[in-house]
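Below: the structure, in structure tokens.
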Amino acid sequence: MHVADIDLPGFLEVHAKATAEARNNDCPALATWRQEIPPVDPAGLLRPLFERSTRTFVWMSPHSTVMAMGSATDFTHTGHDRFAGIRRGWERAARTAVSGGPGSRAMPSLVGGFAFAPRPGPLP
């Protein structure tokens, strides 16, 4: 597998459309891309994406890989209802998704983490 096998121009086109949507509507917009590819060395595949964004995420399993680049918005919520608060924000944002790619269409993914304690602390 070579990085050239990834439709990077198509991916960047979807990213640009979401950026334009965000500017035009003065609110965050999500960009999602789905493309089935054979197993690869993630370092060679992701290097071009890392050059375009300081916020990247990779999760790999024997069955699938998820890569995320950039951030449309950050969701923060504290207290005992923090999970429900994040869910409400995410569901609103997911309705604005701009999707593309030759793979099957899917709901965008939320990438992040939670502090275990409900009160504010050193982790977001």
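Taking all Cα pairs closer than 8 Å and separated by 6 or more residues, the relative contact order of region 3-100 comes to 35 percent. Note on Arg88/Glu51: beta-carbon distance plugged into 1/(1 + (r/R0)^6) with R0 of 30 Å gives a FRET efficiency of 0.30. Within the shell defined by Cβ-Cβ distances under 13 Å, the residues around Ala29 carry a net charge of +2, with Lys and Arg each +1 and Asp and Glu each -1. If R0 is taken as 22 Å, the Cβ-Cβ distance between Asp7 and Trp59 corresponds to a FRET efficiency of 0.60.
All of the numbers you see were taken from the coordinates with simple rules; none came from a lab. Here the structure is a predicted model, which means the values were calculated and not measured. Every residue, glycine as well, gets a Cβ built from its backbone with ideal geometry; the counts of neighbours run over all protein chains shown.
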